[in-house]
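Undergrad: Below is one structure. I have some questions about it.
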Amino acid sequence: MRYPSGWLLFLCLGALVRADVTPAVPFQDHAVLQQGRAIPVWGRAAVGEKITVTYSGTTSRTATAVAGADGRWRVDLPAIPASAQPATLTFVGKNTIKLNDILVGEVWLASGQSNMELGMGGLGGWGYFITNAVAEVAAANYPQIRELKMPPVSAETPQETGKGAWRVCTPATVGDFSAVAYYFARDLHQKLNVPVGIINAAWSGSPIEPFMTPASLAADPNGPGAIKAWKTKTADFPANKARYDAEKAAWDEAKAAAAKAGERFNKPGPRFPFGPGHKNVPSGSYNAMIHPVVPYALRGFIWYQGETNAGANQYRTFFPSLIAGWREVFAGGELPFYWVQLASWGANGDPDGLGIPTMREAQTQTLSVPKTGQALAIDIGDSTDIHPKNKLDVGRRLALLALHRTYGQKDVVDSGPIFAKVELNAGASGRVRVHFKDVAGGLKNSNAADKESVLGFEVAGKDKVFSAATARIENATAGTVLVTAPAGVTPPVYVRYAWRNDPKNTLVNTANLPAAPFRTDP
């Protein structure tokens, strides 16, 4: 059928006129809104269309906006107090959308790589994986905890839309919730008695660069180098993608043939080549997983990532840049940002390696950024698996940080002992005294085999050749440990604690939180 001249233009203009009001991806049934602060609500509509957004619950809030020349609109609902009473959120323009079961409480964005993505029921077919998973899943009846899971995808440019839906926490749904984020949310919910929403935007195996905003990556001292390296790595993408497509088609055919014949098929599939859509695209995960929920009102961020960047000095600038970038796009200010320091791990048979300790050090140095905090996992890792099964204590330690530093619960201890200073030649040759702060009620030794010997200390002379040292708690309340060098290391000049990929470490405080790794050598 042939259309008269100008008809296509008429159809396009008509589509714009009739465009439905479309709220952004976070605004769906079962959403949790952030209490106590203005709530940005945004989306798309026809150019010039008036949109009215109304929250109707125990209180009522209304705001209006007019879609701009690009079809975008935004309102800021006045602050709403916490409410576990299901409410509605209504959008009225040329069409009407009514969202149901809306709660108001605390909202946190959880991100990182696989240790954050790992669900209560496993990840990628692992099945039940975390400690006590079956019982924990069966008991997870917390309808005031909800999660919006953003699918792991990448994009070359910031995306306005995304997929994902809010899910109410029940035994039937919690299997896909981030285990770390679930335990974090559960503690907050139980302690604060308010609904808790988690936006889960994690992707296994990801380095930090894909999660950085384009602006923060470009401005970082190491950013341009990372972008240039990626361009070099992906120069042959078209040819590599064609090869991948052919190999993937052959792999799919072989897998189908094996299934038809009733045979096992264990051949691994081809790996997607570096290029568009890959999880390593600089700012790609931010563009596709974080940007679609900007600027949703949040209380703060929790982060568990770093294994993929282990040994890379660029993390020392990338991490503070990521924090600054996220704070800027989510309404500026200093939203709390709490992370998990990398757990102990044998690193594929290299427990004494030093790649992971330098990453832990980079994470610790980032504590210089205001309103940040670090949950240690040095004592609850897995020597043979980069994915520790104990996610309960990880989530709980993140919650301790939030409860103390964000919610002001003064009686909460949120940190283990932190190195303060060292005295060389402490009363005897070959001995040093190490002082700690944040000892709570005092220092303790978790070494069940020998309560006198604190494990994990090493010393070295000026040659920086480190050897295991003996150590004992001298004054638990004052937070001092006496460390004695072995024969041949005289006098000791430098001290390290838990400075290995998978170190022995038995120093804790009375809250049973572990001492942070440290070194005094430059």
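Undergrad: What's the number of the condition R496 fails, among (1) in a loop (DSSP other than H, G, I, E, B); (2) in contact with a helix residue (DSSP H, G or I) (Cβ under 9 Å, 6 or more places away or on another chain); (3) not polar (S, T, N, Q)?
TA: (1)
Undergrad: Test G162 against the criterion of being in a loop (DSSP other than H, G, I, E, B), in contact (Cβ under 8 Å) with a residue 24 or more places away in the chain and surrounded by 18 or more Cβ atoms within 10 Å (Cβ to Cβ), and give yes or no.
TA: Yes; evaluated as a whole, the condition is true for this residue.
Undergrad: S204: in contact (Cβ under 8 Å) with a residue 12 or more places away in the chain, in contact with a Lys or Arg (Cβ under 9 Å, 6 or more places away or on another chain), assigned to a loop (DSSP other than H, G, I, E, B) and crowded, with 20+ Cβ neighbours inside 10 Å, yes or no?
TA: Criteria not met by S204.
Undergrad: Let me ask something else about it. Condition first: farther than 19 Å from K464 by Cβ, in a loop (DSSP other than H, G, I, E, B) and not charged (D, E, K, R). Now tell me which residues in the stretch 345-358 satisfy that.
TA: G346, A347, N348, G349, P351 - these are the residues of the stretch 345-358 that are farther than 19 Å from K464 by Cβ, in a loop (DSSP other than H, G, I, E, B) and not charged (D, E, K, R).
Undergrad: Now for a separate question. If you check every pair at least six apart or on different chains, which have Cβ atoms under 9 Å apart with a residue in the stretch 401-428 that is over 24 Å from P336 (Cβ atoms) first and a residue that is aromatic (F, W, Y) and surrounded by 18 or more Cβ atoms within 10 Å (Cβ to Cβ) second?
TA: Short answer, once both residue conditions are applied: A420/F436; V422/Y494.
Undergrad: Looking at E106, E209, which one is farther than 30 Å from P81 by Cβ, charged (D, E, K, R) and at pLDDT 95 or above?
TA: Within the list E106, E209, the selection yields E209.
Undergrad: Hey, does the stretch 86-109 have a residue that's surrounded by 19 or more Cβ atoms within 10 Å (Cβ to Cβ), in a strand (DSSP E or B) and polar (S, T, N, Q)?
TA: Looking for residues that are surrounded by 19 or more Cβ atoms within 10 Å (Cβ to Cβ), in a strand (DSSP E or B) and polar (S, T, N, Q), one finds none in the stretch 86-109, hence no.
Undergrad: What are the pairs with Cβ atoms under 6 angstrom where one residue, in the stretch 289-317, is more than 11 Å from P207 (Cα to Cα) and touching a residue at least 40 places away in the same chain (Cβ under 8 Å) and the other, located anywhere, is crowded, with 21+ Cβ neighbours inside 10 Å and among the hydroxyl-bearing types (S, T, Y)? Sequence gap at least six, or different chains.
TA: Matching pairs, first to second residue: I302/Y338; W303/S111.
Undergrad: Looking at the stretch 478-509, which of its residues are of a type in the set (S, T, Y) and within 16 Å of E452 (Cα to Cα)?
TA: Answer for the stretch 478-509, where residues must be of a type in the set (S, T, Y) and within 16 Å of E452 (Cα to Cα): T480, T484, T506.
Undergrad: Under 9 Å between Cβ atoms, at least 6 apart or on separate chains: pull out the pairs that start in the stretch 31-59 with a residue that is on the phi < 0 side of the Ramachandran plot and part of a loop (DSSP other than H, G, I, E, B) and end on any residue that is surrounded by 22 or more Cβ atoms within 10 Å (Cβ to Cβ) and of a type in the set (D, E).
TA: Q35/E106
Undergrad: Failed condition for F129, given (1) surrounded by fewer than 23 Cβ atoms within 10 Å (Cβ to Cβ); (2) at pLDDT 95 or above, with all others met?
TA: (2)
Undergrad: Looking only at the stretch 359-409, which residues are assigned to a helix (DSSP H, G or I), out of contact with any helix residue (DSSP H, G or I) (no Cβ under 9 Å at 6 or more places or on another chain) and of a type in the set (V, I, T)?
TA: The answer is T364, T406.
Undergrad: Please identify the pairs in which a residue from the stretch 455-477 that is on the phi > 0 side of the Ramachandran plot and surrounded by 21 or more Cβ atoms within 10 Å (Cβ to Cβ) has its Cβ atom under 6 Å from the Cβ atom of a residue that is in a loop (DSSP other than H, G, I, E, B) and among the polar types (S, T, N, Q), counting only partners at least 6 apart or on another chain.
TA: Close Cβ pairs satisfying both conditions: G456/N505.
The values are calculated or read from the model by the stated rules, or taken from the named source; none is laboratory data. What you see is a predicted model, and the numbers here were worked out from it, not measured in a lab. Please note: Cβ atoms are built from the backbone with ideal geometry, for glycine as well, and neighbour counts cover all protein chains shown.
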